[in-house]
Amino acid sequence: MDPAQQKRLRELAAMMRDGAQAAAELELAAWTRQADCPGEAKAVFAASLAQRGRCDDARRVLAGASGIDEMKLLISVLISAGLDDAARRLGRKLHQRRGHHPSVTRWLVTMNVPGSRDLPAAPDAMVEKLAAELAERPGLIETLTTAQKHEPRPESVLLLRRAGAMLVKGYQGDEVFVTLCRALADLAVLAGDLDDARRWAHRGLKADPYCAKLALVLSELSDEPGVGPAARQVLARVARKYPHYPDVRAAMIRRAAADGRPAAARRRLAAWLRRDPDSPTALRLKKELAA
């Protein structure tokens, strides 16, 4: 809104305060029909109409509202008119567009807008903003995921999952794709969504069949034949490629025990200790299996 429009709006607001509401509304009505009418003027006019019980007229004035203040006012008008479904839809739209502003989310909850308690923790605008930032430095998602492993926050995990899923569409089968799959699998585990973790792990392994980190994710999950090969097969494949990775060897032994093959687990551990009797990982695993 330019200075001249601001001055005009202040003058009309003063007219309303001084008891000339009808005259101010006439001028506002004419102004709102002009193509360059600012949203603030529409909001003032709609508020004046709603105050006098003309909610339908206020809704028409604010039809197509996109600014935060106009959308807030229209939601209030809709609630006053008992149009809860319309208020719910507009509240969701406001959250999707502007929910990354904490004040908007607080307003929706404080005003008890219908559906506000069920809104997602990560609004679309915030997801799109993070996805755009990660597109410039996609490797950063691993750093952010590691931080969540140390101090998980459900809303941050959800935001990273949605942004990563949006970003991964731009990469297929390359190194960045595998990096994103690793992060999304880890984030799904943090969220307790083990089915999604399994899916992301197998998607990444299709691009890089020897990815140790994804094999380790699968080692902690139950097998789902319709999604991908068994974890023990994946671990064996990676172990052949990287026979000296202690975490992969330990995961193979743990998986054998978890799959009901304790004798195989003990044989592998014994062979490991014969080759490397001082291995800290093998010695910890020995205590773990003996417990």
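Taking region 260-291 only, how many residues are more than 13 Å from Arg249 (Cα to Cα) and open to solvent by less than 70 Å² (accessible area, probe 1.4 Å)?
So the count comes out to 4.
Mind counting the residues in region 24-59 that are open to solvent by 50 Å² or more (accessible area, probe 1.4 Å) and in contact with a helix residue (DSSP H, G or I) (Cβ under 7 Å, 6 or more places away or on another chain)?
Here the count works out to 4.
Among the helices (runs of 4 or more DSSP H) lying completely within region 118-175, list those that include at least 3 residues that are of a type in the set (S, T, N, Q), at pLDDT 85 or above and touching a Pro at 6+ places or on another chain (Cβ under 7 Å).
none
Yes or no: Asp208 without any contact (Cβ under 8 Å) to a residue 24 or more places away in the chain and farther than 21 Å from Glu136 by Cα?
Here the answer is no, as Asp208 does not meet what is asked.
What pairs come out if I take residues in region 265-291 that are at negative phi and pair them with residues that are exposed (fewer than 10 other Cβ atoms within 10 Å of the Cβ) and charged (D, E, K, R) whose C-beta lies under 7 Å away, six or more apart or interchain?
none
Looking only at region 153-193, filter to residues that are farther than 14 Å from Arg137 by Cα and among the polar types (S, T, N, Q); which one of those is most open to solvent (accessible area, probe 1.4 Å)?
Gln172
Of everything in region 204-257, what is open to solvent by less than 80 Å² (accessible area, probe 1.4 Å), outside any helix (DSSP H, G or I) and over 23 Å from Asp276 (Cα atoms)? Give them in sequence order.
Asp208, Pro209, Cys211, Leu221, Ser222, Asp223, Gly226, Val227, Gly228, Pro229, Ala230
Inspect all residues belonging to region 110-117 and state whether any of them is of a type in the set (Ser, Thr, Tyr), open to solvent by 50 Å² or more (accessible area, probe 1.4 Å), modelled with pLDDT under 85 and assigned to a helix (DSSP H, G or I).
Yes: one or more hits.
The values are calculated or read from the model by the stated rules, or taken from the named source; none is laboratory data. Everything numeric here is computed off the predicted structure, so don't read it as measured data. No Cβ is skipped: glycine too gets one built from the backbone with ideal geometry, and neighbour counts run over all protein chains shown. Just the protein is used for accessible areas: all its heavy atoms, side chains included, with ligands, DNA and RNA removed. Shrake-Rupley method; radii C 1.70, N 1.55, O 1.52, S 1.80 Å.
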